[in-house]
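What follows is calculated from the coordinates using simple rules that are stated; it is not laboratory data. This one's a predicted model, so the numbers in the text were calculated from it and none came from an experiment. For neighbour counting, all protein chains shown are included, and Cβ atoms are generated from backbone atoms with ideal geometry for every residue, glycine included.
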Amino acid sequence: MRAELSGKVALVTGASKGIGRAIAERLAADGAEVAVHYNRDKEGAAETLDRIGRGFLIGAELGVPGDIDELFAQLESGLDGRPLDILVNNAAAPPAGPIETDTMDQFDRLIAVNVRAPYFLIQRALPMVRDGGRIISITSVATRMANSIQTSYAMTKGALETMTLTLAQSLGALGITVNAVAPGATATEANVALFDTPGLTDAITALTALDRLGRAEDVADVVAFLASDNARWITGQTIDASGGLFLGPRAA
């Protein structure tokens with residue numbers, strides 16, 4: 001079922017490929033104009049924009065000094081005085097574990113991209129977001145699972161989930177909902193090599209209630225629902241979009 005987002009403008013960070021691209025495509029299909037953010041992959045972001053046919057590009061590296069200023073200078077130009085209706089914090093730095101080999105530089109990078117950037121993106125966006133606005137962050141099922149190679153990554157996603165809860169409380173009076181979506185193992189064009197690892201896909205699907213890997217569209221559909229008026233009474237929630245990954249032992 002398609003949501004009705006005509007006349008709305010969305011910013012999707014990290015939309016040059018993968019889940020971010022799928023989210024941008026779905027929001028655009030529902031009628032939204034999309035600001036397609038990218039870090040370095042301008043070609044991929046341009047392809048996303050070409051596929052959705054409605055929106056504009058924003059190129060800004062997150063997690064570095066001046067990142068928020070650079071992004072919002074471009075966003076304000078693209079909005080041209082219009083409000084921002086939907087902010088999707090999707091961009092993220094990848095895992096950098098386990099703790100035995102992690103470094104302070106890697107840890108600081110994860111915090112800067114996965115926590116600091118979304119937090120201050122929201123801070124800067126608030127004056128632009130009108131009543132009924134939507135803030136949605138992409139987290140991970142890593143926050144509810146023990147995975148030794150993703151400890152610091154899971155910590156950053158857990159921080160986003162706490163942020164989601166507290167901002168939902170503080171922004172509710174403004175009519176703004178704040179939610180998160182937590183994907184599990186999701187196969188995209190960006191990580192196809194990972195899932196080509198012998199035995200990995202079978203091992204993950206054996207731990208997944210719905211017996212397959214996730215697809216980027218599975219996550220994008222949940223984001224689109226939360227962005228729509230259908231989710232007007234949902235806030236402060238983290239929606240698990242993992243197909244039931246690691247819910248417990250499956251029957252033989």
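Key figures
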{"read-out": "Listed residues Pro127, Ala112, Ala91: farthest to the positive end of the dipole of segment 40-134 (Cβ charges)", "value": "Pro127"}
{"read-out": "Among Ala92, Ala209, Ala180, residue whose mean-square fluctuation peaks in a GNM of the chain (springs only between Cα atoms under 10 Å)", "value": "Ala209"}
{"read-out": "Ranked list, fewest to most other Cβ atoms within 10 Å of each Cβ, for Ser6, Ser242", "value": "Ser6, Ser242"}
{"read-out": "Charge sum, other residues only, whose C-beta stays under 9 Å from Val9's C-beta, Lys/Arg counted +1 and Asp/Glu -1", "value": "0"}
{"read-out": "Pairs of Cα atoms farther than 19 Å apart, segment 103-158, %", "value": "40"}
{"read-out": "Acute angle (nearest 10 degrees) that the helix 151-171 long axis makes with the longest principal axis of the chain, alpha-carbon atoms", "value": "40"}
{"read-out": "222 nm mean residue ellipticity, helices alone, for the chain (DSSP H n ≥ 4; -39,500 (n - 2.57); rounded to 500)", "value": "-11500 deg cm²/dmol"}
{"read-out": "For the chain, alpha-carbon Rg over 2.2 N^0.38 Å", "value": "0.97"}
{"read-out": "Proximal lysines relative to Lys157, as straight alpha-carbon distance under 23 Å, when same-chain residues fewer than 8 apart are discounted", "value": "Lys17"}
{"read-out": "Nearby aspartates and glutamates by direct alpha-carbon distance to Lys8 (threshold 19 angstrom, same-chain neighbours under 8 apart not counted)", "value": "Glu25, Asp30, Glu33, Asp50, Glu76, Asp80, Asp85, Asp131, Asp221, Asp229"}
